[in-house]
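I have placed the structure first, in the form of structure tokens, so that the comments after it can refer back to it.
The values are calculated or read from the model by the stated rules, or taken from the named source; none is laboratory data. What you see is a predicted model; the values in this text were computed from it and never measured. Every residue, glycine as well, gets a Cβ built from its backbone with ideal geometry; the counts of neighbours run over all protein chains shown.
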Amino acid sequence: MAQAANTLAMAGDNAYNENSGQQYLAMEASIPLFEGLNLETKATFVDYGCSQGAASMEVMRRLVSQLLPHSEATLVFNDLPSNDFNSLIKLLLATGSFDSTKTIYPCIAPNSFYNHVMPECTVDIAFALSSIHWLRQIPLPKEPTEGFEEYLRKRTNRNAAAAHKDLIEFLKLRGREVKPGGKLIVAAPSPCADNTDGRIAGNEKLRCALFQAMDILMDSGKLPPNASAGVYPPNHVHTQQSFQAAVNETEAMWVIEKAYDRVIPHPAYQAMLESQKGTQDIELHKSFEREYASDVVDWILAVFKPFMQKWWVEQGLDEGLCEGVFQECADLAKVEFVKSGGAALPVAQDFVFLRLNRC
């Protein structure tokens with residue numbers, strides 16, 4: 001079976017912005033990499049994989065603040081043509097208030113970042129926050145004989161080679177677009193290092209709850225029999241080591257200047273713990289767990305939704321029923337997450353942060 005190109009962006013109607021609290025925390029953890037930059041009075045900043053722009057706007061604001069008065073800044077927001085650019089455009093109005101002493105030109109570049117996005121040697125600062133783990137092609141679906149855990153294990157191994165090839169291509173393309181001496185700053189999801197705080201188990205229970213919800217809907221006939229086989233997003237997480245391996249193969253375009261790892265929790269977990277403090281009411285504790293479950297399920301579905309609905313329709317679900325079935329699946333997943341004990345565990349993601357210098 002041939003692999004299709006990955007052309008689907010995050011869930012639209014501002015859903016990703018509304019459910020990207022963890023990605024926003026990852027952006028905040030990357031801020032030290034944007035400090036102390038040597039910028040010209042005319043500068044171009046590009047976000048590769050901006051989605052709907054909530055985190056991107058804060059980075060652009062900080063970059064503009066480092067420019068001298070009366071400088072000019074071109075701000076380029078890149079994502080797939082299927083991205084919800086309408087939600088982004090509403091945020092772009094705020095660029096006018098970044099700094100009245102500077103001239104700002106916001107632009108949109110609807111294109112895959114596995115293609116050329118900018119002219120050669122025109123970018124001063126490139127960044128990719130929570131986006132570089134997306135693959136160029138859709139991985140093959142789960143075989144009918146595979147369990148979900150087996151599929152994920154095999155999927156990770158199969159995707160490693162594709163992810164390495166994609167990362168090299170990304171670095172080569174950006175190497176042509178970024179000026180010598182320019183920077184590429186990355187915040188990328190990384191494999192969870194350990195389970196001391198329960199985050200590996202919490203993440204697994206969240207994903208399993210989603211697939212259990214689909215199983216329930218398949219058993220009841222509301223979803224086609226193969227509805228869960230092809231919905232997992234096309235991504236693969238990277239490490240400092242995998243980045244270094246890719247840099248070593250990019251013809252000396254890049255040097256890693258800084259690198260560090262951080263654990264980025266989903267903010268809803270800490271919010272639940274804070275809410276539960278000072279009360280012994282069991283029912284109240286349970287209500288806070290349900291709120292936490294709702295937040296993290298909505299968060300993961302902001303990523304999964306386009307892939308789920310596209311696959312369901314391909315498998316025979318009436319397109320007119322898709323939104324209603326999706327909502328029922330989301331509600332079931334929230335129940336399953338609590339039932340499995342997931343609401344007692346953190347949902348968190350390790351991230352790797354890097355600043356690369358263009359040689």
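Structural remarks
Yes/no matrix, rows are residues, columns are (1) crowded, with 18+ Cβ neighbours inside 10 Å; (2) charged (D, E, K, R):
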residue: G175; (1), (2): yes, no
residue: A193; (1), (2): no, no
residue: K205; (1), (2): yes, yes
residue: A209; (1), (2): yes, no
residue: A213; (1), (2): yes, no
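- Extreme residue, surrounded by the fewest Cβ atoms within 10 Å (Cβ to Cβ), among residues of the stretch 108-145 that are in a loop (DSSP other than H, G, I, E, B) and hydrophobic (A, V, I, L, M, F, W, C): C121
- Failed criterion for L88 (all others in (1) surrounded by 19 or more Cβ atoms within 10 Å (Cβ to Cβ); (2) at pLDDT below 90 hold): (2)
- When P233 is tested against the conditions (1) buried (at least 16 other Cβ atoms within 10 Å of the Cβ); (2) in contact with a strand residue (DSSP E or B) (Cβ under 9 Å, 6 or more places away or on another chain); (3) more than 20 Å from R155 (Cα to Cα), the lone failure is (3).
- Residues that are in a helix (DSSP H, G or I) and either at pLDDT 95 or above or under 30 Å from L140 (Cβ atoms) (or both) within the stretch 231-267 comprise Q240, Q241, S242, F243, Q244, A245, A246, V247, N248, listed in sequence order.
- Inter-residue pairs, beta-carbon under 8 Å, first in contact (Cβ under 8 Å) with a residue 24 or more places away in the chain and in the stretch 192-213, second among the polar types (S, T, N, Q) and not in a loop (DSSP other than H, G, I, E, B), 6+ apart: C192/N203; C192/Q349; R199/Q349; N203/Q349
- Among the residues of the stretch 23-38, those identified as in contact (Cβ under 8 Å) with a residue 40 or more places away in the chain and either at positive phi or touching a strand residue (DSSP E or B) at 6+ places or on another chain (Cβ under 6 Å) (or both) are L25, A26, M27, A29, S30, L33.
- The residue pairs whose first member lies in the stretch 297-311 and is under 16 Å from N226 (Cα atoms), whose second member is among the β-branched types (V, I, T) and not in a helix (DSSP H, G or I), and whose beta carbons are closer than 7 Å, counting only pairs six or more residues apart or on different chains, are F307/V231; M308/V231; W311/V231.
- Contacts under 7 angstrom Cβ, first residue in the stretch 342-359 being part of a loop (DSSP other than H, G, I, E, B), partner of a type in the set (A, V, I, L, M) and buried (at least 22 other Cβ atoms within 10 Å of the Cβ), 6 or more apart: V347/L206; V347/V296
- Being of a type in the set (K, R), touching a Leu at 6+ places or on another chain (Cβ under 8 Å), buried (at least 16 other Cβ atoms within 10 Å of the Cβ) and under 26 Å from P144 (Cβ atoms) holds for only one residue in K305, K310, and it is K310.
- Filtered by the rule that a residue be of a type in the set (S, T, Y) and in contact with a helix residue (DSSP H, G or I) (Cβ under 9 Å, 6 or more places away or on another chain), the stretch 173-208 gives a lone residue, S190.
- Qualifying residue in the stretch 81-99 (condition: in contact with a Lys or Arg (Cβ under 6 Å, 6 or more places away or on another chain) and touching a residue at least 12 places away in the same chain (Cβ under 8 Å)): yes
- Only one entry of L152, L171 meets the criterion of being of a type in the set (A, V, I, L, M), within 20 Å of the chain's Cα centre (by Cα) and under 24 Å from E249 (Cα atoms), and that entry is L171.
- When the stretch 38-86 is filtered for residues that are among the hydroxyl-bearing types (S, T, Y) and not in a loop (DSSP other than H, G, I, E, B), the ones remaining, listed by number, are T44, Y48, S56, S65, T74.
- Residue match in the stretch 13-35 (condition: among the aliphatic types (A, V, I, L, M), in a helix (DSSP H, G or I) and at pLDDT below 75): yes
- Tally, over the stretch 312-322, of residues that are of a type in the set (D, E) and either within 14 Å of R207 (Cβ to Cβ) or touching a residue at least 12 places away in the same chain (Cβ under 8 Å) (or both): 1
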